[in-house]
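Below is one structure; the comments refer to it alone.
The values are calculated or read from the model by the stated rules, or taken from the named source; none is laboratory data. This is a predicted model, so every value here is computed, not measured. As a convention, Cβ positions derive from the backbone with ideal geometry for all residues, glycine included, and neighbour counts pool all protein chains shown.
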Amino acid sequence: MKFGQWLQNHPHFLEQTYWLTHRVFTWLDPLIARLGYERMDRWLRGPEEWTKRIVFDCRMCGQCILHSTGMTCSMSCPKNLRNGPCGGVRANGHCEVFPDKPCVWVQAYNRSLEMPRYGDEILLIEPPVNRQLEGSSAWINMLTGQDKVVPKAWDQIEVIPIAEK
Amino acid sequence: MNNEYKSDGRLERVLRSGRFAVTAELNPPDSADPEEVYQAALVLSEVCDAINATDGSGAHCHMSSVAICALLTRAGYAPIFQVSCRDRNRIAIQGDVLGAAAMGVSNVLCLTGDDVTAGDQPQAKRVFDFDSIQLLRTIKIMRDQGMFLSGRKLTTPPRLFLGAASNPFVPPYDWRPYRLAKKIEAGADFIQSQYCFDVPRFRQFMQKVRDLGLHEQAFFLVGVGPLRSEKAAEFMRTKVPGVHIPDAIIERLRKTPKEKKVEEGKRICVEIIQQVREIEGVSGVHVMAYRQEELVAEIISEAGLLPRPRIGGLPAQDSKVRPRRGNRVNGV
Ligand code: SF4
């Protein structure tokens, strides 16, 4: 966990890594498509979970928004909040549920301030989680577009309401 | 009915007319007797514009909020239906919202909900299928587009005034106004805040809210409430999630002689109401008094907020639904 925490305290490095990995995957997309998304999902799940668990305490929701939440996994918030902290955060910045742990969202917010590339995305409204994607590879879901499928009536607001910070 | 209104309720009318609104929280009974709800409502109805029906607040089980709303609307009162994401998934919530609207509920307050560990049944499973912002948006979609989240059509959409909560008194302080912005963007028409005991911090928060122009997009009601003693205050700040009470207030209660503590707690509350009322962007107060409803009426009266305006019916009553006294005594 220590190595992971050290990394997470360098959010700018992580967001660059995310950006790079994103590019690599997009570039590899034709190849992955040829091999079959389902097969690649089976192959990738394990390694993805392993690495992301070490660094982010990832919960494999299958629709990763790490870069929009200060490179901090919002699903590790015990209330699974995707849009910001609940009203129960303690005065010392710790979690309502686990008094010994810092609130995930306090960390996310502080880290987002150090992320020039994606930092502002923490102000976006995140749609409800698709629980059917739980356990699958978020990278593959990114390529297939599955992670962006929202409930039919959900009107996604793409613009950041208040962009200047 | 005027089409510009989103609901048929009186809270929306009081707020839109520019009057200072008062809402109050009803302590849900641990009982199957409707009379207990009516007793509590009777005390509150003359002094407020709408009554909050809490949804297992503090993760303690009481009579459900939807049932309290059913009882209240049946007697003509105007409830605010509180919905928390802790106990129900999206299927249950959307159904409850339709049902509540069918019973004459005009206001819904969307909450994340206190964690199960705050209550007396910490073994329970957490649901949290939605967060409060997704919940707000979903109900807005039901109201404005006349659909369930799945896209399935509603024959008659609910007419609702949508509320959200805000807690400016806990970290990350800088982000709290932005979180409020998100809630308004998601669909909040009014905001009810957590207990305010720290007016300077609240002023700072409202400054930012005004800078962002949020006070013009939603009505902000400040949460207030009396403290019975320094012990009660200490309990609240350590045991109730999200309540911040500055040392100065606890000190003030400690210095007060025992028989005057309740009086002093009430005075602090009245002072806070008078101070926040002066702040630009504040549209009302939300009075919460855990198990001390009698005090609520006194506080509202001493703060000079009486009589309540009589728009669209009697105070705390909705224009559409008229009291039916027969039902009040016997239940169904
Ligand atoms: S305090 Fe923070 S981490 Fe804990 S439940 Fe609330 S938002 Fe989640």
Scanning region B:142-162 for residues that are at the interface with another protein chain (Cβ under 8 Å from one of its Cβ atoms) and either touching a residue at least 24 places away in the same chain (Cβ under 8 Å) or polar (S, T, N, Q) (or both) gives B:Gln145, B:Phe148, B:Leu149, B:Ser150
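Yes or no: region A:118-128 includes at least one residue that is charged (D, E, K, R), touching a residue at least 60 places away in the same chain (Cβ under 8 Å) and away from the ligand (no atom under 15 Å from the Cβ). Give the steps one after another, and end with the answer.
Kept after step one, since they are charged (D, E, K, R), are these residues of region A:118-128: A:120-121, A:126.
When the remaining residues are screened for being touching a residue at least 60 places away in the same chain (Cβ under 8 Å), the result is A:126.
Keeping just the survivors that are away from the ligand (no atom under 15 Å from the Cβ) gives none.
So far as region A:118-128 goes, no, none of its residues is charged (D, E, K, R), touching a residue at least 60 places away in the same chain (Cβ under 8 Å) and away from the ligand (no atom under 15 Å from the Cβ).
Would you mind stating whether A:Gly135 is farther than 22 Å from B:Gly151 by Cβ and away from chain B (no Cβ under 13 Å)?
On the way: farther than 22 Å from B:Gly151 by Cβ: yes; away from chain B (no Cβ under 13 Å): yes.
Yes: the conditions hold for A:Gly135.
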List the residue pairs whose Cβ atoms are under 6 Å apart, where the first residue sits in region A:50-65 and is aromatic (Phe, Trp, Tyr), the second is buried (at least 16 other Cβ atoms within 10 Å of the Cβ) and not in a helix (DSSP H, G or I), and the two are 6 or more positions apart or on different chains. A:Phe56/A:Cys73
From the set of residues in region B:163-191 that are assigned to a strand (DSSP E or B) and within 11 Å of chain A (Cβ to nearest Cβ), which is nearest to A:His94 (Cα to Cα)? B:Ser166
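For region B:197-278, which fully contained helices (runs of 4 or more DSSP H) count at least 2 residues that are among the aliphatic types (A, V, I, L, M), under 30 Å from B:Leu162 (Cβ atoms) and modelled with pLDDT under 95?
Numbers: elements: B:199-211, B:230-239, B:247-255, B:261-277.
Hits in region B:197-278: none.
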When the residues of region A:47-82 are filtered to those that are within 15 Å of the ligand (Cβ to nearest atom) and part of a helix (DSSP H, G or I), which remaining residue is surrounded by the fewest Cβ atoms within 10 Å (Cβ to Cβ)? A:Ser76
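Could you tell me whether any residue of region A:140-149 is within 16 Å of the ligand (Cβ to nearest atom) and among the charged types (D, E, K, R)?
Narrowing region A:140-149 to residues within 16 Å of the ligand (Cβ to nearest atom): none.
Within region A:140-149, none of the residues are within 16 Å of the ligand (Cβ to nearest atom) and among the charged types (D, E, K, R).
Kindly provide the set of residues from region A:98-117 that are of a type in the set (A, V, I, L, M), within 16 Å of the ligand (Cβ to nearest atom) and either surrounded by fewer than 20 Cβ atoms within 10 Å (Cβ to Cβ) or within 14 Å of the chain's Cα centre (by Cα) (or both), ordered by number.
Narrowing region A:98-117 to residues of a type in the set (A, V, I, L, M): A:104, A:106, A:108, A:113, A:115.
Okay, now just the ones that are also within 16 Å of the ligand (Cβ to nearest atom), so A:104, A:106, A:108.
Answer for region A:98-117, where residues must be of a type in the set (A, V, I, L, M), within 16 Å of the ligand (Cβ to nearest atom) and either surrounded by fewer than 20 Cβ atoms within 10 Å (Cβ to Cβ) or within 14 Å of the chain's Cα centre (by Cα) (or both): A:Val104, A:Ala108.
For region A:83-97, give me the residue count where each residue is more than 7 Å from the ligand (Cβ to nearest atom) and over 15 Å from the mean Cα position of the chain (by Cα). Break it down stepwise before answering.
Looking only at region A:83-97, we keep the residues that are more than 7 Å from the ligand (Cβ to nearest atom), and these are A:83-84, A:87, A:90-94.
Then drop every residue that is not over 15 Å from the mean Cα position of the chain (by Cα), which leaves A:87, A:90-94.
Final tally of qualifying residues: 6.
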Residues satisfying the stated conditions in region B:236-261, i.e. touching a residue at least 40 places away in the same chain (Cβ under 8 Å) and within 18 Å of B:Pro172 (Cα to Cα): B:Pro241, B:Gly242, B:Val243, B:His244, B:Ile245, B:Pro246
In region B:128-140, residues that are in contact with a strand residue (DSSP E or B) (Cβ under 6 Å, 6 or more places away or on another chain) and either aromatic (Phe, Trp, Tyr) or within 7 Å of another protein chain (Cβ to nearest Cβ) (or both) total 0
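Residue under question is A:Trp105, and the condition is that it be in a helix (DSSP H, G or I) and either in contact with a strand residue (DSSP E or B) (Cβ under 9 Å, 6 or more places away or on another chain) or closer than 19 Å to B:Arg126 by Cα (or both); does it hold? Break it down into steps so the answer makes sense when it comes.
Details: in a helix (DSSP H, G or I): yes; either in contact with a strand residue (DSSP E or B) (Cβ under 9 Å, 6 or more places away or on another chain) or closer than 19 Å to B:Arg126 by Cα (or both): yes.
The answer is yes for A:Trp105.
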Given (1) of a type in the set (A, V, I, L, M, F, W, C); (2) within 30 Å of B:Ile268 (Cβ to Cβ); (3) surrounded by fewer than 24 Cβ atoms within 10 Å (Cβ to Cβ), B:Leu98 misses just (2)
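Give region B:110-125 a look and list any residue that's more than 7 Å from chain A (Cβ to nearest Cβ) and not small (Gly, Ala, Ser), or say none. Lay out the reasoning, then the answer.
Narrowing region B:110-125 to residues more than 7 Å from chain A (Cβ to nearest Cβ): B:110-111, B:113, B:116, B:118-125.
Those that are more than 7 Å from chain A (Cβ to nearest Cβ) and not small (Gly, Ala, Ser): B:Cys110, B:Leu111, B:Val116, B:Asp120, B:Gln121, B:Pro122, B:Gln123, B:Lys125.
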Tell me, please, whether a residue that is farther than 29 Å from B:Arg201 by Cα, surrounded by fewer than 23 Cβ atoms within 10 Å (Cβ to Cβ) and in contact with a His (Cβ under 9 Å, 6 or more places away or on another chain) can be found in region B:111-128. yes
Yes/no for B:Leu221 being surrounded by 23 or more Cβ atoms within 10 Å (Cβ to Cβ), in contact with a Phe, Trp or Tyr (Cβ under 7 Å, 6 or more places away or on another chain) and under 23 Å from B:Asn107 (Cα atoms): yes
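Does B:Val127 fit the bill of being touching a residue at least 40 places away in the same chain (Cβ under 8 Å), among the aliphatic types (A, V, I, L, M), in a loop (DSSP other than H, G, I, E, B) and in contact with a Ser or Thr (Cβ under 7 Å, 6 or more places away or on another chain)? So that I can check it myself, show each step before the final result.
Values: touching a residue at least 40 places away in the same chain (Cβ under 8 Å): yes; among the aliphatic types (A, V, I, L, M): yes; in a loop (DSSP other than H, G, I, E, B): yes; in contact with a Ser or Thr (Cβ under 7 Å, 6 or more places away or on another chain): no.
Against the criterion (touching a residue at least 40 places away in the same chain (Cβ under 8 Å), among the aliphatic types (A, V, I, L, M), in a loop (DSSP other than H, G, I, E, B) and in contact with a Ser or Thr (Cβ under 7 Å, 6 or more places away or on another chain)), B:Val127 does not qualify.
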Suppose we filter region B:285-308 for residues that are surrounded by 15 or more Cβ atoms within 10 Å (Cβ to Cβ) and part of a loop (DSSP other than H, G, I, E, B); how many remain? 7
